[in-house]
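First up is the structure itself, then whatever we jot down about it.
The values are calculated or read from the model by the stated rules, or taken from the named source; none is laboratory data. Predicted model only: the values in this text are computed from it and were never measured. All Cβ positions, glycine included, derive from the backbone under ideal geometry; neighbour counts span all protein chains shown. Surface areas here come from the heavy atoms of the whole protein model, side chains and all, with no ligands, DNA or RNA. Shrake-Rupley method; radii C 1.70, N 1.55, O 1.52, S 1.80 Å.
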Amino acid sequence: MGNRRRSDAALPRPEYWALNRNPTSIEVMTLTEQIKARAQELGFELVGVTPAEGSPTIRLYEKWLENGYAGKMEYLEKHLPLKRDPRNCLPEAKSVISLAINYFTLNPADALVENPERGQISRYAWGDDYHEVIRAKLRELAEFIDETGGKKLKQKICVDTGPIIERDYAQKAGIGWIGKNTNFINWQSGSWHFLAELLVSIELEYDWELPQGSCGTCTLCIEACPTDAIVAPNVLDSRLCISYLTIELKDSIPTELRPKMGNLIFGCDICQEVCPWNSKATPSTEPGFSPREENIAPKLLSLMNMTQAEFSKRFKNSPIKRAKRRGFLRNVAVALGNWGNRRAVPALKRALNDNESLVREHAAWALGVIGGESARKALITRLAVESEAQVIREIGDAMRGMI
């Protein structure tokens, strides 16, 4: 990992014998080196170790919250005290092991993903739920540390749901930097990574290198964002971000943003797709990240009228379940409106009778955008029986806007 400054810990750091590539010789490996080697065996391409101390950018994060950029993700404010210092999550923590695992798999044909009658799902959600895949690997790594160190340590596993400002520690460890699109970027493998951390109650050898590479003068991600969510380099307004709108937002999508979402129905990868550092991305070897065929540009009409049982079965062990059926069908309705094809009217008419008012509301908007006599009649029929004020307003707006 380049030049390192060893910890000044008073605790002993045991050394272990390991065979190198030449089976006739041996080399001494420290516990830290063994941990890194084992992590890479488990599939983590990037590993760095830093002291468990306060976040270096916590004030910037606090300012971000103060500006309202978190939108309705109240849990971020709730977790702020814990995020100030990893020792607030694990008081015994001495070191933070930062890890990154590649989830890039393939590039579908442009003709497929750009087809407006198909929906786009963010690459990270094509396969199994990464939380479970990564937690299983981190549990193995934690067990390895205990076994190799010869004693039971206090450890805490963190995959992005944990209250850790993970990009800070990954950048501090020198395994990458935080790009203008706010994603973690590595100079060799780009930004298609999941980050994770393991807090441990032992001092290890720390990495002090500055990360190689930078965004330089490039602003492609800022220019490409359909909703102008990157309001300044390294500053994202979640309220405008399509990933937030389609996953984290549980309410209505602001009307003015719906046309800008195109056929994106779960997440958005645009700022990563245009990033030059991703031009040489190589496929992940993790089977759990292998795409499920039905998650790559699915036909919108096959999704619009899914029942709860069908949704649960189709997206079992998938990150897509985070949006829940109501949120996912809301997104599909918006995409159908953006498609603008009257072939979508029958599915949207059925959606006007959905049990979820959120689905009915966005189906009404889509019918208003598509227009036509059949769409108008469906809206009038629903208006006669609708009881939810927000849906009634949406139907009224849709009818007024129809040609």
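Key figures
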read-out	value
Filter result for residue 103 (under 30 Å from residue 333 (Cβ atoms) and open to solvent by 60 Å² or more (accessible area, probe 1.4 Å))	no
Residue identified as over 19 Å from residue 119 (Cα atoms), modelled with pLDDT of 95 or more and either part of a helix (DSSP H, G or I) or basic (Lys, Arg) (or both) among 374, 312, 387	374
Failed item, numbered, when residue 400 is tested on (1) open to solvent by 50 Å² or more (accessible area, probe 1.4 Å); (2) over 18 Å from residue 255 (Cα atoms); (3) in a helix (DSSP H, G or I)	(2)
Candidate set: region 167-186, residues that are open to solvent by less than 30 Å² (accessible area, probe 1.4 Å), touching a Phe, Trp or Tyr at 6+ places or on another chain (Cβ under 9 Å) and part of a helix (DSSP H, G or I); chosen: the one nearest to residue 99 (Cα to Cα)	170
Criterion (assigned to a helix (DSSP H, G or I) and over 20 Å from residue 254 (Cβ atoms)) met by exactly one of 360, 382	382
Residue match in region 119-127 (condition: within 15 Å of the chain's Cα centre (by Cα), buried (at least 20 other Cβ atoms within 10 Å of the Cβ) and in a strand (DSSP E or B))	yes
Test: residue in region 82-99 that is at pLDDT 95 or above, open to solvent by less than 60 Å² (accessible area, probe 1.4 Å) and under 21 Å from residue 318 (Cα atoms)	no
Residue 233 vs. criteria open to solvent by 20 Å² or more (accessible area, probe 1.4 Å), of a type outside the set (Phe, Trp, Tyr), in contact with a Ser or Thr (Cβ under 9 Å, 6 or more places away or on another chain) and in contact (Cβ under 8 Å) with a residue 40 or more places away in the chain	yes
Matching residues, region 288-308, being in a helix (DSSP H, G or I), open to solvent by 30 Å² or more (accessible area, probe 1.4 Å) and at pLDDT 95 or above	301, 302, 308
Verdict on residue 77 being modelled with pLDDT under 95, open to solvent by 30 Å² or more (accessible area, probe 1.4 Å) and either over 26 Å from residue 272 (Cα atoms) or assigned to a helix (DSSP H, G or I) (or both)	yes
